[in-house]
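Student: The structure is given below, and queries will be raised subsequently.
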Amino acid sequence: MERPKLDQANRRGGLELLLENSTKVHKVEVTTPKDGQGKVVEVTTPKDGQGKVTMKLLLSWVKDNLIKERPEMFVKGDSVRPGVLVLINDCDWELCGGLDAELEEKDVVVFISTLHGG
Amino acid sequence: MGGGGGGGGGGGSRREAIERELKKLRAEREDLDGRIRLLESELEAVPAGVSGAAAGKGVGDGSCGGSVACQSRVGNGFAPDGGLPADMIYRYSRHLLLPDFGVEGQRKLSQSSILVVGAGGLGSPVALYLAACGVGCLGIVDGDDVELNNLHRQIIHKEAYVGQPKVKSAADACCEINSSIKVVEHHHTLKPCNALEIVRKYHIVVDATDNLPTRYMISDCCVLLNKPLVSGAALGLEGQLTVYHHNESPCYRCLFPSPPPVAACQRCSDSGVLGVVPGVIGCLQALEAIKVATGVGEPLCGRMLLFDALSARIRIVKLRRSSPGCTHCGKNSFFTEQDFQKFDYENFTQSPMSDKAAPSVNLLPESARITCRDYKKLVDNSEPHLLLDVRPAHHFQIASISPSLNIPLSMLEEKLPTLETSLKETGEASTLVVLCRRGNDSQRAVKLLHEKGFASAKDIIGGLQAWGRDVNPDFPVY
């Protein structure tokens, strides 16, 4: 799979405010640098030549391509900032390998900003 | 005859008044009859010599030893094992008819004690439902008083209680619904110094608070005392719900080891909240508390419910389990009760243990700031100036000082040319005065304006809130 697609990166709970037009759902195609035409990119794992998209790569891609302001509200270091819950297909990314989780076509990634109000 | 007709009309309105009075009295009699029936059935259920009606309202920090009231009451004499007291059978008959819930569920509920932390938007339906459904002992903690701007969502409070403690208002409402349970008022803000003592008395804790440091504190407290924690949150048009520290579910620290940056912590008092949203989450919290108390069904352990009111979507996601390496609930945790009592949660999260007090910033030198009283003088002296209001447009629509120019802080940089034009119209020598709601964004704006060459820019200390307090009491604060 040379160009895996992430069907939806769905952000909610306030993070949409960081994006142009406050869109909550994004269909994105994350390309790997292999073919030299990718928009992003950073190779995260050595020998990752099979075009695998990891969460680490996706975060970097989202930061560079979707986040229009205050990136510190989304990322910290190479991970998400504290207080953001990451879900891959409705499952806590900690159960899927965290930053190293490999994404497949049609995977849905959701970033939840936790709420504290009441 | 005209006069007779008029007299008849007068007689008619008198008649109506009497009928109204009769209707009222009859309703009162019906109410009294109901209460008499309830007490009679209670009396029948209690053997002579045992004081059964230990239920009622407890003020202060009276102990809530499970449900003293319910434990001392025996059954109805018509069921194996004694069954439930007769008055409970009638009151909770619709619960007893549920095959999955039944007598056992109701009995467990009547023997459980649940602490609701926060009598606000979430806590209102939680307390009302838990009181109505017959938990043995219901504790309510809150240090705040009822305010008029609470009532659109905090449905437990009535207008007559504005200015009174929320715990009193909430406890009165609960007792009106169900006088047979014990309701305990804890009129404090929950803090590390009093949390252990209060939480220790209950089986289950419901987090219905409105701020981040309190959420960390309640979770730590529940881990130390090994209590299940039903946690809900709501903001704007979204809500979240899960059960922490129960059946291997994570604690708050497993999920969020480090607190988010302060800028990411929105408060209802800043961002707003649609009244029904905490209502929905609070109802679900009551449901989860009932499930945990009775062992009926599957509580939301290791799962989180996400509610999006705008799109009418509920999503339930799977969470990690309790982490063995967690600093607080992990096997090797050495966080003690003493550590807890000393822990500074406000410092840890860099935010206050209250929804109301917005952390104020101090970005500018004295010379770049004026008080609202000084601004009033400037206006009265007709000194040339331009008032720039940097609040978001929907805030500006609520109320503003006229004349003023509204450019939201987020758009200020791109709209500098507009500002320049307006400033020229008011005169070259005019001062640029910047205003916002509380006096934080105005400082950020002035800082930016100074960098962009608007050297005369000053901000009004305390914003419109100070204006409403110190200059114009008629200005509608929000």
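The values are calculated or read from the model by the stated rules, or taken from the named source; none is laboratory data. Computed from a predicted model, the values in this text were never measured in an experiment. A quick note on method: Cβ atoms are made from the backbone with ideal geometry, for glycine too, and the neighbour counts reach across all protein chains shown. With ligands, DNA and RNA removed, areas are computed over all heavy atoms of the protein, side chains included. Shrake-Rupley method; radii C 1.70, N 1.55, O 1.52, S 1.80 Å.
Student: For chain B, with all protein chains present and a 1.4 Å probe, just round the carbon and sulfur fraction of the accessible area to a whole percent.
Tutor: 54 percent
Student: Between A:Arg70 and B:Asn472, what FRET efficiency follows from the Cβ-Cβ distance if R0 is 35 Å, with the result rounded to 0.05?
Tutor: 0.50
Student: For B:Pro165, what is the net charge nearby, where nearby means another residue's Cβ is under 12 Å from its Cβ and Lys, Arg count +1, Asp, Glu -1?
Tutor: Net local charge, B:Pro165 excluded: -4.
Student: Write down Rg/Rh for the stretch B:63-206, rounded to two decimals, with Rg from the C-alpha atoms and Rh from the Kirkwood relation over Cα pairs.
Tutor: Result: Rg/Rh = 1.02.
Student: Would you mind counting up the charge near B:Leu148? Only other residues with Cβ under 15 Å from its Cβ, with Lys and Arg at +1 and Asp and Glu at -1.
Tutor: 0
Student: Additional query: At 25 °C and 0.890 mPa s, what whole-number value in µm²/s does Stokes-Einstein give for the translational diffusion of the stretch B:112-357, with Rh from the Kirkwood sum over Cα pairs?
Tutor: Answer, rounded: 137 µm²/s.
Student: While we're looking at this one, here's another question. Against the globular-protein guess of 2.2 N^0.38 Å, express the Cα radius of gyration of the stretch B:366-471 as a ratio, rounded to two decimals.
Tutor: In units of the 2.2 N^0.38 Å rule of thumb, it is 0.96.
Student: State the percent of C-alpha pairs, over all pairs in chain B, separated by a distance greater than 35 angstrom.
Tutor: 47 percent
Student: Accessible area per residue of the stretch B:366-471 at 1.4 Å probe, in Å²?
Tutor: Counting only protein heavy atoms, the per-residue value for the stretch B:366-471 is 50 Å².
Student: Between B:Val262 and A:Val108, with labels modelled 7 Å along Cα→Cβ, what's the label distance in nm to one decimal, could you check?
Tutor: About 3.7 nm separates the two model spin labels.
Student: Report the extension gain between B:Gln341 and B:Asn226 in nm, rounded to one decimal, defined as 0.36 nm multiplied by the number of residues separating them, less their alpha carbon distance.
Tutor: 39.8 nm
Student: Another question about this same structure. Heads up, I need the accessible area for B:Glu425: 1.4 angstrom probe, whole protein in place, Å², nearest 10.
Tutor: Rounded to the nearest 10, that gives 150 Å².
Student: Is there a pair in B:Lys376/B:Lys415; B:Lys168/B:Lys227; B:Lys158/B:Lys227; A:Lys56/B:Lys447; B:Lys23/B:Lys182; B:Lys291/B:Lys318 whose C-alpha atoms are over 30 Å apart, and which pairs would that be?
Tutor: Those over the limit are B:Lys158/B:Lys227; A:Lys56/B:Lys447; B:Lys23/B:Lys182.
Student: Mind checking the full-extension length gain between B:Ser179 and B:Lys415? Use 0.36 nm per residue of separation minus the Cα-Cα distance, one decimal, nm.
Tutor: Here the answer is 78.9 nm.
Student: Next up: Ignoring ligands, DNA and RNA and using a 1.4 Å probe, state the total buried accessible area between B and A in Å², rounded to the nearest 100.
Tutor: Interface area, both chains combined: 2600 Å², rounded to the nearest 100.
Student: Work out, step by step, the length gained on full extension between B:Thr426 and B:Lys447: first 0.36 nm times the residue separation, then minus their alpha carbon distance; give nm to one decimal.
Tutor: Separation in residues times 0.36 nm, less the Cα-Cα distance, equals 5.4 nm.
Student: Any idea how far apart B:Leu43 and B:Leu98 come out in nm if each label point goes 7 Å out from Cα toward Cβ?
Tutor: 3.3 nm
Student: Right, next: Can you list the residues of the stretch B:208-233 whose accessible area drops by at least 30 Å² going from the chain on its own to the full set of protein chains, with a 1.4 Å probe?
Tutor: Buried on complex formation: B:Asp210.
Student: Helix B:166-177 versus the longest principal axis of chain B: what angle, 0 to 90°, nearest 10, using Cα atoms?
Tutor: Relative to chain B, helix B:166-177 is tipped by roughly 30 degrees.
Student: Would you please give the FRET efficiency between B:Arg26 and B:Asp81, computed as 1/(1 + (r/R0)^6) with r the Cβ-Cβ distance and R0 = 51 Å, to the nearest 0.05?
Tutor: According to the calculation, E is roughly 0.80.
Student: Determine the residues within the stretch A:73-87 where the difference in accessible area between the chain on its own and the full set of protein chains amounts to at least 50 Å²; count protein heavy atoms only and use a 1.4 Å probe.
Tutor: By number: A:Met73, A:Pro82, A:Leu85.
Student: Between beta-carbons, use under 12 Å as the cut-off and find the net charge around B:Pro250, counting Lys and Arg +1, Asp and Glu -1.
Tutor: +2
Student: For a protection proxy built on the mean count of beta-carbon atoms within 10 angstrom, sort B:26-32, B:156-162 highest first, please.
Tutor: Ranking, from highest mean packing down: B:156-162, B:26-32.
Student: Testing the spin-label approximation: label points 7 Å from Cα along Cα→Cβ at B:Ser13 and B:His188. State their distance in nm.
Tutor: The modelled label-to-label distance comes out at 5.7 nm.
Student: With angles folded into 0 to 90 degrees, how steeply does helix B:441-451 sit against the dominant principal axis of chain B? Use alpha carbons for both and round to 10.
Tutor: Long axis of B:441-451 versus the principal axis of chain B: about 30 degrees.
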